[in-house]
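Right, one structure below, let's go through it.
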Amino acid sequence: MILSLRKHWPLIGIGLLGILVSVHLSRAPKQNTGSSSGTGAALEKGLKLEDIHYSQDDPDHRIKWFLDAKEAILSDDKQVISFRNFKLRLEPENRPRVELEGEKGAFHRNSGEIHLQGGLRGSTDDGYRIVTESAVYSQKKGCLETHDPVKITGPFFSLEGRGLLLNVEKETLLIPSDVTALIDKGLPAL
């Protein structure tokens, strides 16, 4: 028996070592390895703020924007502000303002883009409503853009389609595909 134990001693030692490593790994704290490029993962790290108000004035495009959110997190490098339960207000000079509400988003300072997600509902001062799932506001272009289905309703017409390019400064609107339009009979004659 002793001769047999000496013969298998290396295998028993490896087995015991494996058990010790397994016990040690099972007791180690779990780590989240998600990336911080999206809007959800960025809310896990950084300086956490509540009930924030952030504003930005863009003199090149003559558009001011204001962001109110219940919760925001500033990334460690201070280049991304992720937020939840927000209201974004775009105020172009001498044009109707646009307000958007949604669940979450992120402002990327380097690119000047605001990524918005989660049941977006928007309105304009001139009576139009916008509904879509996600959108990106580009501060450099002065445009709000999405590739998702979108619905726009207003006093004179209703539009449904896929995609949206809204130039806030110039008040131009493009829905690139699958457009269905309903025009109100009360529209003034040209």
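Data for the structure
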{"read-out": "Yes/no for Lys87 being at negative phi, of a type in the set (Lys, Arg) and under 13 Å from the mean Cα position of the chain (by Cα)", "value": "yes"}
{"read-out": "Subset tally (residues that are surrounded by 22 or more Cβ atoms within 10 Å (Cβ to Cβ), in contact (Cβ under 8 Å) with a residue 60 or more places away in the chain and under 14 Å from Leu144 (Cβ atoms)) for segment 79-123", "value": "3"}
{"read-out": "Any hit, segment 146-167, residues being surrounded by 15 or more Cβ atoms within 10 Å (Cβ to Cβ), under 17 Å from Ala69 (Cα atoms) and within 16 Å of the chain's Cα centre (by Cα)", "value": "no"}
{"read-out": "Residue list for segment 173-190, filter: at pLDDT 90 or above and under 14 Å from Ile130 (Cα atoms)", "value": "Leu174, Ile175"}
{"read-out": "Total residues in segment 62-96, condition closer than 15 Å to Asn167 by Cβ and assigned to a strand (DSSP E or B)", "value": "5"}
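The values are calculated or read from the model by the stated rules, or taken from the named source; none is laboratory data. These numbers come from a predicted model, not from an experiment. A quick note on method: Cβ atoms are made from the backbone with ideal geometry, for glycine too, and the neighbour counts reach across all protein chains shown.
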